[in-house]
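Scroll down for the structure; my scribbles are underneath it.
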Amino acid sequence: MYLKKFIVSLITLYLNSYHVLSSDSYNYSLVLTQLTTAFLDSNLNSATCYENYFASVKNITNQLEKSRGNCLNTAENAYAAEDKKFIQQQCTFQNLAYKSCDALNECCIKDWGIKAFECYASKGSAAGQVFFKISSDANVHMRDLEKEYREIDSVLESCNAKAQRIFEDETTEAGNVLKKCFNNS
């Protein structure tokens, strides 16, 4: 009898580790209670039932990990594709900024005194307009990219939720098969 209780304790610990993954804790606790009761009512030859159950749960868990990995890879590829759409605009902004800064640097190299200040005034004004345009356009592109990221995040969340539902359904089904095995032992 002590061996039986020890095994039940180990199984309870094992199943509780999957409880963390479950969002429906009441149903999961109910399944756990039913499995424990079924085990206590079964004979000692029911170890085969657990061997089959653990193999099944391991496969279900591996499938969950694989599904979540696929969800993440799909999202990462989508993020990268969206980022690529904006690379040309980033390069354009960078070139405009460099040209404006280079134009201002020419003022201190070529001119001194009043001519230097005239150069700074004219080129600084032009650079200010360029930087204002960069800032304005960058905000528009940033909002567009953020919108695309939110859509990708939504798809990722939906994909993970589907994987979680499948995991919970299959784990519950494996528990039902285990209970049936106990009843037939």
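Structure summary
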quantity	calculated
Neighbours by Cβ (under 9 Å, 6+ apart or cross-chain): first from segment 124-149, closer than 24 Å to Ser100 by Cβ; second part of a helix (DSSP H, G or I) and β-branched (Val, Ile, Thr)	Ile134/Thr92; Asp137/Thr92
Boolean, Val140 is loosely packed, with under 14 Cβ neighbours inside 10 Å and either closer than 30 Å to Glu82 by Cβ or under 40 Å from the mean Cα position of the chain (by Cα) (or both)	yes
Contacts under 7 angstrom Cβ, first residue in segment 168-185 being in contact (Cβ under 8 Å) with a residue 60 or more places away in the chain and more than 14 Å from Tyr50 (Cα to Cα), partner crowded, with 17+ Cβ neighbours inside 10 Å and of a type in the set (Ser, Thr, Tyr), 6 or more apart	Glu168/Ser22
Out of Thr33, Thr74, sole residue that is among the hydroxyl-bearing types (Ser, Thr, Tyr), farther than 30 Å from Phe182 by Cα, part of a helix (DSSP H, G or I) and modelled with pLDDT of 60 or more	Thr74
Any hit, segment 147-162, residues being exposed (fewer than 11 other Cβ atoms within 10 Å of the Cβ), of a type in the set (Phe, Trp, Tyr), modelled with pLDDT of 90 or more and at negative phi	no
Verdict on Ser125 being surrounded by 11 or more Cβ atoms within 10 Å (Cβ to Cβ), assigned to a helix (DSSP H, G or I) and among the small types (Gly, Ala, Ser)	no
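The values are calculated or read from the model by the stated rules, or taken from the named source; none is laboratory data. These numbers come from a predicted model, not from an experiment. All Cβ positions, glycine included, derive from the backbone under ideal geometry; neighbour counts span all protein chains shown.
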